[in-house]
1. Set the Förster radius R0 to 45 Å, insert the Cβ-Cβ distance between residue 160 and residue 56 as r into 1/(1 + (r/R0)^6), and round the FRET efficiency to 0.05.
2. So, for the range 95-236, what is the accessible surface per residue at a probe of 1.4 Å, expressed in square angstrom?
3. List the pairs from 90/144; 100/201; 157/193; 174/220; 85/203; 144/174 whose alpha-carbon separation is above 19 Å, in the order I gave them.
4. Taking the Cα centre of the range 100-239 as origin, work out the dipole magnitude from +1 charges on Lys and Arg Cβ and -1 charges on Asp and Glu Cβ, in debye rounded to 20.
5. Label points 7 Å out from Cα along the Cβ direction at residue 134 and residue 84: separation in nm?
6. Relative to the Cα centre, what is the charge dipole magnitude of the range 66-129, using +1 at the beta carbon of each Lys and Arg, -1 at the beta carbon of each Asp and Glu, and rounding to the nearest 20 debye?
7. From the P(r) of the range 106-145, can you give the percent of Cα pairs sitting at distances over 15 Å?
8. Is the shape of the range 186-239 best called rounded, prolate or oblate, per the rule: a/c under 1.5 gives rounded, else a/b larger than b/c gives prolate, else oblate, with a ≥ b ≥ c the square roots of the Cα gyration tensor eigenvalues?
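The values are calculated or read from the model by the stated rules, or taken from the named source; none is laboratory data. This is a predicted model, so every value here is computed, not measured. So basically every Cβ, Gly included, is an ideal-geometry build from the backbone, and we count neighbours across all protein chains shown. Calculation scope for accessible area: heavy atoms of the full protein, side chains included, ligands and nucleic acids excluded. Shrake-Rupley method; radii C 1.70, N 1.55, O 1.52, S 1.80 Å.
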Amino acid sequence: MFKPRTKKEKEYDRKLKESLKDEYIIDPETGARITLEQAESGHWIAHDNEFKTIPESELDKLPTEGAKQAEIALNYLRESKDYRKTKFSKEQLSILEEIKTLSNYDDWSYSDLYRFEGGVVFLPSVELNIAGHYRESHLMFWVKINDISGHYFFREKSSSEKIFDLIRNDDEIKSDLYECFTIKKSHNIIQIKRILESFEKEKGLEIEIINNNLFIKTLKLVSLDDVIRVEQILNNLNP
């Protein structure tokens, strides 16, 4: 039977048609407007500097609210003088390939890498193929801490894990919110507990500590609220 399109679906179609009518696209790296011909050739000169943001008029043309919120978050990083574009070194990429936060997915890539004092922030695009294909760009901060000489991964406890923990909590590091996975035991448990205290009321995050590296990743599409939230956590962090 024919199913009429919802108001939300019609609005998506309208914005998609508008974007297809335009004779230019927005370069996601710089925010520069380039013609379709330039994009196809791969040759153009971006006169915009790295702090160039995408204007509100262009944000409104994006087909989904999620895409708009993601670009708003990126605008925040683009225009802030505290964040500067950078590239991963081979050593940094080797570390990323070791961490459980990303290896839990079927595949991942990354974009929009910025450095700041003490670390970097980027957008990992993660992929899951269980129960249908799923790919989404999250938010990930990576900062340096004092070396714990160990490797730990923390994620939110499921409802069943919370019940089982009432009977027997065998996690090396106890937490009301987070399940602890010890990959390589550290003798500096006090430091790890002190770090975890900053996250005890923060939901929707995954946390990983490997030696002198602290990773914080969100579990949903990147947004400005999450950027600011993690910034506040890091400002209050006592590593």
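1. That pair, residue 160 with residue 56, gives E of 0.50.
2. 51
3. In this structure, 100/201; 174/220; 85/203; 144/174 exceed 19 Å between Cα atoms.
4. With Lys and Arg at +1 and Asp and Glu at -1, about 260 debye.
5. 3.8
6. 340
7. 47
8. Values: a/c = 2.26, a/b = 1.82, b/c = 1.24.
Prolate shape, in that a/c is at least 1.5 and a/b is the bigger ratio.
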